[in-house]
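Accompanying notes for the structure given below.
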Amino acid sequence: MTERPADWESPVVVPEAEVPERILVPFDGSHNAERALAWARMIALGTGSEVLVLVGYTQPLTMRGRGAAYVEAVRDELADEAAELAREGVQVLVTAGVQARGIVLKGDITRGILETAAQEGCGLILLGRQGLTAEVGGVSGAAGMIRDLLQGGVSEKVTRHAEVPVVVVP
């Protein structure tokens with residue numbers, strides 16, 4: 001038999017919740033990410049929180065320099081696109097009267113989200129349930145959805161490992 005906690009019969013107590021100084025929004029341009037940005041805008045307008053728009057990308061790999069020039073060009077293009085997407089997200093927020101800044105991350109996005117939240121002192125992470133891969137679809141998108149079902153997607157991993165509240169927007 002399961003034991004009940006000692007305060008089981010006590011009245012419900014709602015603890016104090018701190019207004020987040022910063023809200024982290026991982027942003028990939030998908031419709032879910034846009035909705036997450038909208039929620040962040042709404043919360044920030046009501047609380048005065050700063051919104052950090054985090055755009056991540058994974059650098060392509062090669063072995064022993066094969067295709068190195070091509071990979072460098074692709075890497076630079078990915079970095080430029082990520083920076084532009086971060087600027088667009090920040091601009092939408094700033095235009096609405098929200099204090100915001102962009103961060104571009106190269107590497108593992110889940111780890112980057114968690115590390116950025118800790119380093120920047122974010123009190124809330126707000127992200128879309130599925131990213132651009134699921135939205136674009138095709139064979140790659142289907143494979144990604146199956147992988148996410150088996151391993152867990154970014155939103156699930158962030159929710160599981162974050163040390164601050166996480167809101168997942170469908």
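What to note about this one:
- The listed residue being more than 25 Å from A17 (Cα to Cα), open to solvent by 30 Å² or more (accessible area, probe 1.4 Å) and modelled with pLDDT of 75 or more, out of L114, L150, L105, L61: L105
- Some residue of the stretch 57-78 being in contact (Cβ under 8 Å) with a residue 40 or more places away in the chain, closer than 19 Å to C122 by Cβ and not polar (S, T, N, Q): no
- Close contacts from the stretch 83-97, counting a first residue that is in a helix (DSSP H, G or I) and a second that is open to solvent by 40 Å² or more (accessible area, probe 1.4 Å) and β-branched (V, I, T), with Cβ to Cβ under 9 Å and a gap of 6+ residues or different chains, come to A83/V104; L85/V104; A86/V104.
- Meets criteria (open to solvent by less than 90 Å² (accessible area, probe 1.4 Å), modelled with pLDDT of 90 or more and closer than 19 Å to G112 by Cα) for A44: no
The values are calculated or read from the model by the stated rules, or taken from the named source; none is laboratory data. Computed from a predicted model, the values in this text were never measured in an experiment. Backbone-built Cβ (ideal geometry, glycine too); neighbour counts: all protein chains shown. SASA here: full protein model, heavy atoms, side chains in, ligands and nucleic acids out. Shrake-Rupley method; radii C 1.70, N 1.55, O 1.52, S 1.80 Å.
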